[in-house]
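Everything below concerns the one structure shown next.
Derivation of every value follows stated rules applied to the coordinates shown; laboratory data play no part. Small disclaimer: the values here were computed from a predicted structure and weren't measured. Cβ placement follows ideal geometry from the backbone for every residue including glycine, while neighbour counts extend to all protein chains displayed.
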Protein chains: 2
Amino acid sequence: MREVAVLGVAMTKFGVSEKTNLEMFAEAGLEAITKSNVEPKDIQALFFGNCLGGFEEGQLHMAPFAHSELGLPTSAPAVRFECACATATVAIRQAALLVAGGIYDLVLAGGTERATIMGTPLATRTFAMASHAQHESTAGITFPGVFAMAAHMYTAKYGVEFPELKKHTAEVAVKNHRHGALNPKAHFRKKIDVDTVLNSMMVADPLQLFDCCPFSDGAAAVVIAEVNRAKDLVDKPIYIAGMGQAACGGLYLQRDITRVRAREEAARQAYHQAGLTPSDIDVVELHDCFTIAEILAIEGLGFYEFGKGYDAATKGETTFGGKVVINPSGGLKAKGHPIGATGAAQVTEIVQQLRGECDERQVEGATVGLVDTLGGDLGTVCNIILRS
Amino acid sequence: MREVAVLGVAMTKFGVSEKTNLEMFAEAGLEAITKSNVEPKDIQALFFGNCLGGFEEGQLHMAPFAHSELGLPTSAPAVRFECACATATVAIRQAALLVAGGIYDLVLAGGTERATIMGTPLATRTFAMASHAQHESTAGITFPGVFAMAAHMYTAKYGVEFPELKKHTAEVAVKNHRHGALNPKAHFRKKIDVDTVLNSMMVADPLQLFDCCPFSDGAAAVVIAEVNRAKDLVDKPIYIAGMGQAACGGLYLQRDITRVRAREEAARQAYHQAGLTPSDIDVVELHDCFTIAEILAIEGLGFYEFGKGYDAATKGETTFGGKVVINPSGGLKAKGHPIGATGAAQVTEIVQQLRGECDERQVEGATVGLVDTLGGDLGTVCNIILRS
């Protein structure tokens with residue numbers, strides 16, 4: 001296997017956009033290419049992520065259109081990936097694997113989503129198609145419901161009762177909004193407090209509005225190259241130290257929804273490949289689609305024992321100066337969640353952190369970072385460990 | 001690069017099915033795994049194709065569900081691909097590249113589609129989302145219209161006038177229905193004659209109903225392995241000699257729609273990698289979504305000069321005993337076209353041809369075959385050359 005590195009990274013401002021999916025991706029993609037000191041003609045393949053384009057814009061088969069917006073050469077294939085929220089992370093991993101395997105030397109990967117065009121209620125129902133249509137959707141499952149059930153199971157399993165757990169989950173939202181306020185690209189840049197969360201609209205008991213990430217518009221893209229090529233092109237290539245991806249079907253196949261089996265396996269693969277352990281990680285962008293999801297993730301990734309991560313945000317252990325900085329970008333919760341772009345934005349943040357380019361939200365001395373993206377109702381997880 | 005081979009291949013009966021996308025894929029996938037003399041636990045990754053599942057069944061994020069239907073291990077990632085009609089071919093190529101690059105040793109790839117649930121008029125409008133939403137769909141473009149324009153341009157460019165060209169395109173349909181009648185898995189097993197075509201309903205002038213392939217339900221899957229592993233497992237591994245994939249945006253970017261630039265580049269890559277020329281190819285499964293499309297393809301793949309392929313079927317050069325056998329399975333026209341499965345069914349047919357397993361439709365002495373799949377309105381083409 002060849003060593004692989006990330007060169008230029010870029011993301012659009014996340015939020016509500018008037019631009020199309022393709023326009024947003026072209027903006028991010030061209031910036032990533034330019035920052036890599038190469039030209040579109042140098043890109044050998046496009047690994048493109050989008051989740052709901054058919055519903056947002058009546059647009060399928062988006063990869064070759066993104067390819068032509070960017071001016072890539074005809075010889076460079078364009079491939080679309082869809083793995084629910086993990087879409088772009090999966091596209092980036094596939095790109096990195098093909099560079100590692102010697103198939104390509106220089107590729108572009110990322111994703112785009114224009115989710116706000118549907119409005120939140122319709123987007124919520126539409127995105128529920130990422131659960132199992134036959135066994136789950138027909139039962140009325142939407143994603144807030146899935147993670148509400150996980151919160152209930154967490155209390156039952158670990159004996160942390162709701163008035164208490166809800167204060168701790170609210171602290172996750174408070175932290176991620178505080179981080180997002182420092183990020184010029186974030187969808188929400190407004191600090192909140194625990195009362196903001198606890199007084200917000202009930203969505204799916206116990207999850208209230210401020211426990212939920214938004215649907216956002218946005219795109220992100222990264223250039224990946226074989227490591228010697230990367231060193232020739234940019235000053236600070238960021239190395240892909242380890243990757244993992246695993247699958248375990250839908251919610252209806254899980255015995256314990258406080259444990260995401262796909263994450264445990266994907267993280268095991270990534271740590272093993274990198275030769276690292278959770279204690280080596282300085283900064284993490286992980287899948288906080290709901291506040292409880294961040295708690296499940298910090299446990300599943302090995303930063304806390306199972307059942308012990310619920311008060312990490314309250315204790316200040318997951319913010320700047322803490323044990324491990326979780327979601328310095330603001331996470332899905334505040335930076336926003338343009339589904340098919342999210343994984344590429346997570347990689348973008350970690351790469352910028354490891355280069356020391358994050359200004360007010362810089363994690364001091366960060367040398368190793370981890371990306372974690374969960375797709376669907378626990379069916380897909382993809383992890384990427386990066387190092388400077 | 002390691003050498004790569006195809007082991008077990010399987011497809012469901014194509015046509016109208018009561019089964020879900022996942023049930024059809026499980027049927028094909030398990031048969032392909034069984035024929036490879038391995039078990040689901042041995043599969044290291046799933047490369048899964050589906051195009052319209054969100055519209056057919058309200059089902060996105062289908063890959064991990066297919067993964068669990070098949071009983072694959074959690075450690076095996078499941079990735080969904082969508083590249084319009086080329087979806088499954090692209091999934092297979094990606095799988096083969098990762099085996100060639102040493103990332104995996106044994107993987108499953110294929111696709112599924114349940115297109116008839118929408119009915120042809122709605123499926124036609126839905127699938128038109130594979131053209132460019134902003135620049136083309138809004139102009140009323142559907143795929144019959146795209147290929148009708150190509151037929152018009154063909155007459156204008158090469159001086160073959162319509163009454164004559166329509167007889168020759170009708171002969172393509174007659175041939176492919178004759179082939180399909182020999183294929184127990186084909187959607188249509190009824191022979192037709194030229195009058196059947198010329199007396200059928202007008203769809204998009206000059207294309208009549210029998211110039212058009214159907215929407216079908218079906219799934220197909222193939223197991224791919226490193227060549228030494230393949231030789232240990234099956235008697236007749238079929239080698240992947242060369243592959244190509246290219247992209248060139250949408251219809252609105254093409255100067256000459258009788259020439260598919262993505263095909264010319266993809267075929268160039270595949271022939272180059274295989275060290276072969278068109279004259280080496282014995283049998284071809286190519287993208288005859290419309291009768292004129294077969295003519296464009298046999299020219300683009302180098303079997304005929306541009307403007308000279310229109311009467312190949314009439315002369316009997318593209319059927320059994322001819323110069324090169326085109327679509328012995330019946331092609332998209334008669335075997336059927338379950339969009340996300342089509343490429344995997346094409347590979348299945350070529351592999352079975354090269355193994356001499358095709359009974360009445362066997363191409364005698366075939367040792368080299370080619371797969372050609374076109375995605376969208378000329379934006380994606382993927383080619384795979386196989387040899388025994």
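Among B:Met62, B:Met129, A:Met118, rank each residue by its count of other Cβ atoms within 10 Å, from fewest to most, as a rough exposure measure.
Sorted ascending by nearby Cβ count, the order is A:Met118, B:Met129, B:Met62.
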> Which value at 222 nm does the protein assembly as shown reach when only helices count, each DSSP H run of 4 or more adding -39,500 (n - 2.57), with the total divided by all residues and rounded to the nearest 500 deg cm²/dmol?
Replying inline: -10500 deg cm²/dmol
> Near the amide H of B:Val381, under 5 Å away, which other amide H atoms are found, from residues 5 or more places off or on another chain, if H is placed in the peptide plane?
Replying inline: B:Ala246, B:Gly375
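Find the eigenvalues of the gyration tensor of the Cα atoms of segment B:86-169, then list the square roots of 5 times those eigenvalues as equivalent ellipsoid semi-axes, largest first, in whole angstrom. Each step should come with its number before you reach the end.
Working: eigenvalues 239, 81, 38 Å².
Ellipsoid semi-axes (Å, largest first): 35, 20, 14.
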>> On the Cα set of segment A:264-335, report Rg and Dmax in Å, please.
In response: 11.7, 32
>> List the GluC sites (Glu not before Pro) within segment B:312-380 that DSSP assigns to loop and that have no more than 16 neighbouring Cβ atoms inside 10 Å.
In response: B:Glu357, B:Glu364
> Given the options B:Glu31, B:Glu57, B:Glu265, which has the most mean-square fluctuation in a GNM of chain B, springs set between C-alpha atoms less than 10 angstrom apart?
Replying inline: B:Glu57
>> Distance in whole Å from the A-onto-B rotation axis to the closest C-beta of chain A, together with the residue it belongs to, please.
In response: A:Gly101, 1
> What base-10 log of the normalised intensity I(q)/I(0) is obtained for segment A:114-158 from the Debye formula, alpha carbons as equal point scatterers, at q = 0.18, 0.19, 0.31 Å⁻¹?
Replying inline: -0.60, -0.65, -1.02
> Across peptide B:92-101, how many C-beta atoms of other chains are within 10 Å of each residue C-beta, on average?
Replying inline: 4
>> Just want the ordering: A:His168, B:His287, A:His177, from fewest to most Cβ atoms lying within 10 Å of their own Cβ.
In response: A:His168, A:His177, B:His287
>> Skipping prolines and chain starts, which residues have an amide H placed within reach, meaning under 5 Å, of the one on A:Gly8, given they are 5 or more residues away or on another chain?
In response: A:Ser36, A:Val223
> Given labels modelled 7 Å from the Cα in the Cβ direction, how far is it in nm from A:Arg125 to A:Gln273?
Replying inline: 4.0 nm
> For the protein assembly as shown, what Kirkwood radius comes out of the mean inverse Cα-Cα distance, in Å?
Replying inline: 25.9 Å
> If you build a Gaussian network model of chain A, linking Cα atoms that sit under 10 Å apart, which residue out of A:Gly340, A:Gly322, A:Gly140 swings the most?
Replying inline: A:Gly140
> Are there trypsin sites (Lys or Arg not before Pro) in segment A:136-226 that DSSP marks as loop and that have at most 15 other Cβ atoms within 10 Å, and which are they?
Replying inline: A:Lys190, A:Lys191
>> Taking 0.36 nm per residue of sequence separation and subtracting the Cα-Cα distance, how much length would be gained by fully extending the chain between B:Thr34 and B:Thr138, in nm to one decimal?
In response: 32.8 nm
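Using C-alpha positions alone, give me the convex hull volume of chain B per residue in cubic angstrom.
117 Å³
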> For the pair A:Glu23 and A:Thr367, how long in nm is the line joining their label points, each one 7 Å along Cα→Cβ?
Replying inline: 4.5 nm
>> To test your reading of the geometry: what angle, between 0 and 90 degrees and rounded to tens, separates the Cα axis of helix A:143-158 from the longest principal axis of chain A?
In response: 60 degrees
>> I need the Kirkwood Rh of segment B:315-365: take the reciprocal of the average 1/r across all distinct C-alpha pairs and report it in angstrom.
In response: 11.4 Å
> What trypsin sites (Lys or Arg not before Pro) in segment B:230-268 are in a loop by DSSP, with at most 15 other Cβ atoms within 10 Å of the Cβ?
Replying inline: B:Arg255
> Taking chain A as a Gaussian network, where each spring joins two C-alpha atoms under 10 Å apart, which residue of A:Asn183, A:Asn327, A:Asn199 fluctuates the most?
Replying inline: A:Asn199
>> Rounded, prolate or oblate for segment B:304-388? Axes are the square roots of the Cα gyration tensor eigenvalues, ordered a ≥ b ≥ c, and the cut-off for rounded is a/c under 1.5.
In response: oblate
>> Need the list of lysines near B:Lys308 for cross-linking: C-alpha distance under 16 angstrom, and skip anything on the same chain fewer than eight residues off.
In response: B:Lys157, B:Lys166, B:Lys167, B:Lys323
>> When the expected Rg is taken as 2.2 N^0.38 Å, what fraction or multiple of it is the alpha-carbon Rg of segment A:169-212?
In response: 1.12
> Viscosity 0.890 mPa s, temperature 25 °C: Stokes-Einstein D of segment A:156-261 from its Kirkwood Cα radius, in µm² per second?
Replying inline: 137 µm²/s
> Residue by residue, what Karplus-based ³J(HN,Hα) values in Hz, rounded to whole numbers, does segment B:309-326 have, using 6.51, -1.76 and 1.60 with θ = phi - 60° and x for Gly and Pro?
Replying inline: x, 5, 10, 4, 5, 4, 7, x, 7, 10, 10, 3, x, x, 4, 8, 7, 9
>> Compute the angle between helix B:291-300 and the longest alpha-carbon principal axis of chain B, please, reported from 0 to 90 degrees and rounded to the nearest 10.
In response: 70 degrees
> Based on the alpha carbon coordinates of segment A:1-112, what radius of gyration and maximum Cα-Cα distance (Dmax) apply, in Å?
Replying inline: 13.3, 42
> At A:Tyr158, with labels set 7 Å past Cα in the Cβ direction, how many nm apart are the copies from this one, shortest first?
Replying inline: 6.8
>> Suppose each label sits 7 Å from its Cα in the direction of the beta carbon; what would the A:Leu198-A:Glu164 distance come out to in nanometres?
In response: 1.5 nm
> In what order do A:Ser279, A:Ser216 fall by count of nearby beta-carbon atoms within 10 Å, going from fewest to most?
Replying inline: A:Ser279, A:Ser216
>> Taking just the alpha-carbon atoms of segment B:181-330, what radius of gyration and Dmax come out, in angstrom?
In response: 17.6, 53
> Using Cα atoms only, what is the angle between the long axis of helix B:87-100 and the major principal axis of chain B, expressed in degrees (0 to 90) to the nearest 10?
Replying inline: 40 degrees
> Per Stokes-Einstein, at 4 °C and 1.567 mPa s, what whole-number D in µm² s⁻¹ belongs to segment B:232-284, with the Kirkwood radius over Cα pairs as the hydrodynamic radius?
Replying inline: 98 µm²/s
>> Using only the alpha-carbon atoms of segment B:107-223 as identical scatterers, what base-10 log of I(q)/I(0) does the Debye formula give at q = 0.09, 0.13 Å⁻¹?
In response: -0.31, -0.65
